[in-house]
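The structure under discussion appears below in the form of structure tokens.
The values are calculated or read from the model by the stated rules, or taken from the named source; none is laboratory data. Just so we're clear, the structure is a prediction, and the values are computed from it rather than from any experiment. Positions of Cβ are generated from backbone atoms using ideal geometry, with glycine treated the same way; all protein chains shown enter the neighbour counts. In case anyone asks, the SASA skips ligands and DNA or RNA and just uses the protein heavy atoms, side chains included. Shrake-Rupley method; radii C 1.70, N 1.55, O 1.52, S 1.80 Å.
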Number of protein chains: 4
Amino acid sequence: MIFERAKYIEPDFSQEVFKNAPDAKLVAAPKDKAAPEGFHATSIFPEYFKINGEWLLAEESRMDCVAVFEGGKIAVREFRNLKKGDLCVVGRTENCDDGIFVHMDCFEREKGAEETKFSFRQSRSRETAFSYDYEKLVELLRHEKEHGYVVWVLGPACSFDNEARNAFAKLVDNGYVSAMLAGNARATHDLGAGYLGTALGQDVRTQKPHFNGHYNHIDTINKVHLYGSIPEFVEGENIKDGIMQSIVRNNVPFVLNGSIRDDGPLPEVYAHTYEGQDAIRKHVRRATTVIGMATVLHTIATGNMTPMYRVREDGTIRPVYFYIVDTSEFAVNKLGDRGSLAARGIVTNVQDFVCNVAKGLGL
Amino acid sequence: MIFERAKYIEPDFSQEVFKNAPDAKLVAAPKDKAAPEGFHATSIFPEYFKINGEWLLAEESRMDCVAVFEGGKIAVREFRNLKKGDLCVVGRTENCDDGIFVHMDCFEREKGAEETKFSFRQSRSRETAFSYDYEKLVELLRHEKEHGYVVWVLGPACSFDNEARNAFAKLVDNGYVSAMLAGNARATHDLGAGYLGTALGQDVRTQKPHFNGHYNHIDTINKVHLYGSIPEFVEGENIKDGIMQSIVRNNVPFVLNGSIRDDGPLPEVYAHTYEGQDAIRKHVRRATTVIGMATVLHTIATGNMTPMYRVREDGTIRPVYFYIVDTSEFAVNKLGDRGSLAARGIVTNVQDFVCNVAKGLGL
Amino acid sequence: MIFERAKYIEPDFSQEVFKNAPDAKLVAAPKDKAAPEGFHATSIFPEYFKINGEWLLAEESRMDCVAVFEGGKIAVREFRNLKKGDLCVVGRTENCDDGIFVHMDCFEREKGAEETKFSFRQSRSRETAFSYDYEKLVELLRHEKEHGYVVWVLGPACSFDNEARNAFAKLVDNGYVSAMLAGNARATHDLGAGYLGTALGQDVRTQKPHFNGHYNHIDTINKVHLYGSIPEFVEGENIKDGIMQSIVRNNVPFVLNGSIRDDGPLPEVYAHTYEGQDAIRKHVRRATTVIGMATVLHTIATGNMTPMYRVREDGTIRPVYFYIVDTSEFAVNKLGDRGSLAARGIVTNVQDFVCNVAKGLGL
Amino acid sequence: MIFERAKYIEPDFSQEVFKNAPDAKLVAAPKDKAAPEGFHATSIFPEYFKINGEWLLAEESRMDCVAVFEGGKIAVREFRNLKKGDLCVVGRTENCDDGIFVHMDCFEREKGAEETKFSFRQSRSRETAFSYDYEKLVELLRHEKEHGYVVWVLGPACSFDNEARNAFAKLVDNGYVSAMLAGNARATHDLGAGYLGTALGQDVRTQKPHFNGHYNHIDTINKVHLYGSIPEFVEGENIKDGIMQSIVRNNVPFVLNGSIRDDGPLPEVYAHTYEGQDAIRKHVRRATTVIGMATVLHTIATGNMTPMYRVREDGTIRPVYFYIVDTSEFAVNKLGDRGSLAARGIVTNVQDFVCNVAKGLGL
């Protein structure tokens, strides 16, 4: 299993630099939702904070948040979730000067291909050779099925093609999907395809426009509301294909987040943006691999809260893998521009991507 | 004023087809958020409904909603806002058969250029000749300043360049902006540029990265929270350039909508997606021109709720103009694929677009 | 065989409109490379010209060329190939008024899916459901292997991934490629991958950069020159994988066209642009299906000379199918903007496309 | 003048590393168009070769070519121009080990903004702040008008809008264009716009389609052929606006290169690809600034032959500036992926770019 080899490099806290470092400075948040001036912002890397002479790892981190000392641990908290009086770490250095150590080069690099592959980000374009990524991703998914937690983030385009819908359903049926994140449109198009055979009014099998097909997505939403929930709809209408029915039947947790361009929305959709964000992070806190497909909004949202490491239950630390799949280089590379350096981009149509991955897994 | 010429064609209700039409069928909504089966969904066009023998226009319409008869009028209501018992129009024909008339070809076409310009949508690409659009848009904005309500929808890229920020501020200062819709990131980058000189860590004037510049956007958000609001921050820090300070100083209404990828968010940001959607529609109900720039999410959200006509206070009806500006053809043409046929796309960088429009207006 | 069903509609020349039409006017070309004023330009459709009372079909047509009467037939000739004195058809009407009949609606439309599929062009985007296209393309290729002539047009990206290279080689090995058109770079990257394992300096299997890998493409070109030709190089270096070795070993004709951005070029590359264009058209004159992948330049070049019909040896007329595959909607839709209305676009990475087609064919 | 400040750092050949280096090895080309095995390939950087104990600079270099010792100097020669017996430098090290010194860090970096600006390439996107680039480019053009040689490379989109055509004509009229490189389509669309008012059949002022407008570009080409040349056509038809008439009237040299997708072509178009490439390089050998707009093919062709330095007549060495303007990040960044690291990308529609530059120069 190649993915086991990327070993975590434990910092050697017996070194002078750590021993001589001062304690991190803690300052109380002056009001709800506001950090003290000079607050330290977290990154995607493992970060250690010296508190009472002891180096504490922020175990569940994400970037651009505040490190709060609480209950003997470091919690990494979004600004909006800060409470007046929270003890926030203050300081903007990274090499122990302020009692803060950001552990950037934290995984052992393998020789050769592995080293190139998972150790640094390179710019990706349609001209990158992707079969190697497919091959490694298939290995990774096999590994994660046993040992990890794979979060899939799906844009609407994942529902427009019937073969792609069914390929993803097979991934779900076979245990490769630990959680699914998406928006109202993605779920609606998929349910509409299962219910009425269309997405955006076009037949998902034959591309034929249906008569009055522009009604289909709102008819679907309306019908789900008449049933009361997606599972009741799937059951009641006996939906037999597609992503959502497979998610429902396999009891895979899902988070549907609302957006200002929603029709409906479906009953399960989060109307409150930041409750929705918290719902995403709940899954990201367990994620070992994240795969974002054909959605800049949801993938970047998820990427923003995904660190590059995961502390397992046994205390060992492993890398988190992050993939972003899109036809546009801009989308694929955007996550990197926002600070999530560890993302690997694949430039293709997500329909082909999903089908290829399913085939690669022998499904 | 060329924009006055696009006259509305009043339907002639004395014609047989209207006189012989049955009344529209009204059925009570079976539960909150759900329409009766067979509901009629509205479009971007003016629609008339025969109620008790009289043809009533839905005065403030939008697509993919339900026509509800209430208080002697037709309200156009989102599914999520339906209440059990609302009297919903049922029927899916458009030519009076069900007492419903969808008035698609409702504006007189001018001869020549005007006809081509505003009467039908054509696919746009980087190879379209856009100086004509600029010229007409400048005329339109001059007209709207006196007679209309111009809603601008701004994506983050509008804040990354200093000249573009200031050009937009001039549009605000000179009365060309009736309302501004945007997201948390757009406002944050702009405020951060005014406060600390950077957007995404890069100087908005010189492109130079600032030391620890990745802190700047969250420092900005945090500082706004310490003040309590954007206006207090603008005042307290004496922000002198950019979009938000101009919006605040000119008392231009703005709506900031949250999204799942937000840091912060700023205090004014709508956390509840559908309250935010309602806040957008509040402005769209008055809009005579909408200009969406560099944001697919917000522009399509706004486009979804924008009809092609506006009933003025004096009862006359005029067209609503809709522009979408983006470097990507896919973005520019996407609104059309979603059913908003009247949008005009301009393929360019929004920085240049804003500067050109300001220069065209002599600012 | 569904592709047989799209029957040609023979014009009924006994109708009055044809009988009453005047003869087409013929005017001699005033000088080499120049047509007489008012010349008729051909289109992608079948066109008939009334000469001496008889309606003659231009049997091998292409758009934007001149119809020349010569040897009792209508030749369709590029401007650059006109000779002083060539008898050119003059007239710009299409409905017999000038003795010219452009037969636009020339193929019977099937009911349902088929009708939608091959009868009119629709705009394509990443959100189109493409599995139907894959399915039909696989059927089409099976059909063409027996009855047609499939011309593949390849951009450089076709050579950057090893699996894609080998998938295309299988298409060649199994008789699905009648001719291959490409440029110097595409052939060089593919030969370099077979010779030294890289394309653009990156390993085509593992994405690893090779030491001094930026030398590899010019080392490859130089080595081919030392051998004297691509076949001698393939033989001499015993190249075992990739596109060109398969093309060479299967004696599939290929045309490599030069461009101003070439290094080298390889010995077989056409240095003279218009001799190269003629070489392409030589294959297009026989083509029944054309598939352009990841190259705007070569695909549009080929598209410009591809009509929508083919006259078989037995005199019957069948449609020509045209596919364009690219990650960019702009590329995919551009051919339509240039007048080739019959092209079907598939928005994806060509690596996935080639692999999918090969898998679909059971290779 | 800020552009004077980027001073060349002359290598100090009295250092041991240079004094101890062996002479570069020279091997005769084994046949025409082929270099000896192990040939050294040139780069965009200044390169010095030790010949008979003396370090010789390749004065007019370009990447991916062969260094040939000839007449006491180092010529940098394309493979296709090699002759059997040419004395080629052999060796693939860059730090004197083989008598070859590649001078990568050859210009002094200024403090602050300038340093960031011209000293290293950064990835560009629609979200970069471009007003700084515009400002500096305007300064640069003012400087170059007196001291440099500015080569403009134009894609077809430069001719589709009337205002953009006229803005470029003003650049020509006012001495900011030393040479223009383009293709057949660009010249044809521009001449057609001046002659018949359209490009791609659409009015360049009003976007209105003209009747039979699809004839206009071939009517234009044909008319030019009837005249015999572009200048005769411009004169004879009294073309009053646009790019080509300005080029012709100001006697600015231009190179039009053919491509396989040409109609016509116009009489001045190079039919032989590599003669056309040589014609481009003739101008590039003098270029101090190159600006490529809306053409990947021509810009990369030109970029491939543009080094990052220029030896002036007085023997001093200055940088060459390279800009690439396109709506697509992929295009803007592609040149970098091919090895031309010094290119600066601007992501926008070229119509806006040209108009902005002209306005910035006060035209």
- Query: How many nm is it between the label spots at residue C:139 and residue C:105, if each spot is 7 Å from the Cα in line with the beta carbon?
  - Reply: 2.4 nm
- Query: Per residue of A:264-274, how many C-beta atoms from partner chains lie within 10 Å of its own C-beta, taken as a mean?
  - Reply: 5
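Could you order C:73, C:84, D:50 by accessible surface area, starting with the largest, using a probe radius of 1.4 Å?
On the way: C:73 115, C:84 140, D:50 15 Å².
Correct descending sequence by accessible area is C:84, C:73, D:50.
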- Query: Can you list the HN-Hα couplings for the range A:151-162, worked out from phi with the Karplus curve (6.51, -1.76, 1.60; θ = phi - 60°), rounded to whole Hz and with x for Gly and Pro?
  - Reply: 9, 9, 10, 10, x, x, 4, 5, 9, 8, 10, 5
- Message: What's the longest uninterrupted piece of chain D once you rule out the chymotrypsin sites (Phe, Trp or Tyr not before Pro) that are loop residues per DSSP with at most 12 other Cβ within 10 Å?
- Response: D:212-363
- Task: Please calculate the 1.4 Å probe accessible area of residue B:260, with all protein chains present, and give it to the nearest 10 Å².
- Result: 10 Å²
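Note down the Stokes-Einstein diffusion coefficient of the range C:1-102 in µm²/s, whole number, using a Kirkwood radius over alpha carbon pairs, 37 °C, and 0.692 mPa s. Before the final figure, lay out each step's value.
On the way: Rh = 14.0 Å.
My calculation gives 235 µm²/s for D.
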- With all protein chains in place and a 1.4 Å probe, residue D:189 shows an accessible area in Å² (nearest 10) of 20 Å²
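Counting only other chains, what is the mean number of Cβ atoms within 10 angstrom of the Cβ of each residue in peptide A:31-41? Display every interim value, and only then the final one.
Details: counts 3, 1, 7, 9, 6, 2, 4, 2, 4, 1, 8.
Rounded to a whole number, the mean comes out at 4.
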- Per-selection metrics, the range D:186-225 (Cα): Rg and Dmax in Å: 8.9, 28
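Just the number, please: Stokes-Einstein D of the range A:100-246 in µm²/s, Kirkwood Rh from C-alpha pairs, 37 °C, 0.692 mPa s.
184 µm²/s
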- Task: Would you mind checking the tilt of helix D:131-147 against the longest principal axis of the Cα atoms of chain D, expressed as 0 to 90 degrees and rounded to 10?
- Result: 80 degrees
- Query: What Kirkwood hydrodynamic radius do you get for the range B:174-241 when you take the inverse of the mean 1/r over all pairs of distinct Cα atoms, in Å?
  - Reply: 12.5 Å
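If you average 1/r across every pair of different Cα atoms in chain A and take the reciprocal, what Kirkwood value do you get, in Å? Working shown, then result.
Values: mean 1/r = 0.0460 Å⁻¹.
The answer is 21.8 Å.
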- Message: Roughly how far apart, in whole Å, are the Cα centres of the range D:142-191 and the range C:53-83?
- Response: 37 Å
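What order do D:219, C:314, C:190 take when sorted by accessible area (1.4 Å probe), most exposed first?
Numbers: D:219 35, C:314 110, C:190 0 Å².
Largest accessible area first, the residues go C:314, D:219, C:190.
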- Query: Counting only residues 5 or more places away or on other chains, whose amide H sits under 5 Å from the amide H of residue B:346 once H atoms are built in the peptide plane?
  - Reply: B:324, B:325, B:326
- Note on the structure: Only helices counted: for the protein assembly as shown, with every DSSP H run of 4 or more residues adding -39500 (n - 2.57) and the sum spread over all residues, [θ] at 222 nm is -9500 deg cm²/dmol
- For the protein assembly as shown, what are the per-bin percents of Cα-Cα distances with bins 20 Å wide, up to the bin holding the maximum? 9, 35, 40, 15, 2, 0
- Task: Would you mind listing the distances between the residue C:135 label point and the same position in each other copy? Use 7 Å along Cα-to-C-beta, nm, one decimal, shortest first.
- Result: 3.2, 5.1, 5.9
- Note on the structure: Amide H neighbours of residue C:309 at under 5 Å, excluding residues fewer than 5 places away on the same chain, with H built from the backbone geometry, are C:320
- Compactness of the range A:207-278 as Cα Rg over 2.2 N^0.38 Å, two decimals: 1.20
- Message: Can you work out the Karplus-derived ³J(HN,Hα) for every residue in the range D:63-70? Use 6.51 cos²θ - 1.76 cosθ + 1.60 with θ = phi - 60°, whole Hz, and x for glycine or proline.
- Response: 7, 6, 10, 10, 8, 10, 8, 6
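Antiparallel versus total DSSP beta bridges in chain C: what percent is that, nearest 5? Could you put the intermediate results ahead of the total?
Numbers: 29 of 53 bridges.
Here the antiparallel bridges make up roughly 55 percent for chain C.
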- Would you mind calculating the gained length between residue D:7 and residue D:81 on full extension (0.36 nm times residue separation, minus the Cα-Cα distance), in nm to one decimal? 23.3 nm
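For a distance above 25 Å, tell me the whole-number percent of Cα pairs in the range C:265-363 that qualify.
28 percent
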- Query: Once phi is turned into ³J(HN,Hα) by the Karplus curve 6.51 cos²θ - 1.76 cosθ + 1.60 with θ = phi - 60°, what whole-Hz value does each residue of the range C:273-284 show in order, with x for glycine and proline?
  - Reply: 3, 8, 5, x, 4, 4, 5, 4, 4, 4, 7, 5
- One decimal, nm, nearest first: from residue D:85 to the same residue in each other copy, label points 7 Å out along Cα→Cβ, the values are 4.6, 9.5, 10.5
- When Cβ neighbours within 10 Å are restricted to other protein chains, what is their mean count per residue of peptide A:345-358? 5
- Note on the structure: Spelling it out for residue D:28: with amide H atoms placed in the peptide plane at 1.01 Å from N, the residues 5 or more places away or on another chain with amide H under 5 Å from its amide H are D:88
- Any idea what the alpha-carbon Rg over 2.2 N^0.38 Å comes to for the range C:209-328? 1.26
- What is the helix-to-structure angle for A:350-360, meaning the angle in degrees between its Cα long axis and the longest Cα principal axis of chain A, kept from 0 to 90 and rounded to the nearest 10? 80 degrees
- Message: If you rotate chain D onto chain B, whose Cβ in D ends up lying nearest the axis, and how many Å away is it?
- Response: D:352, 2
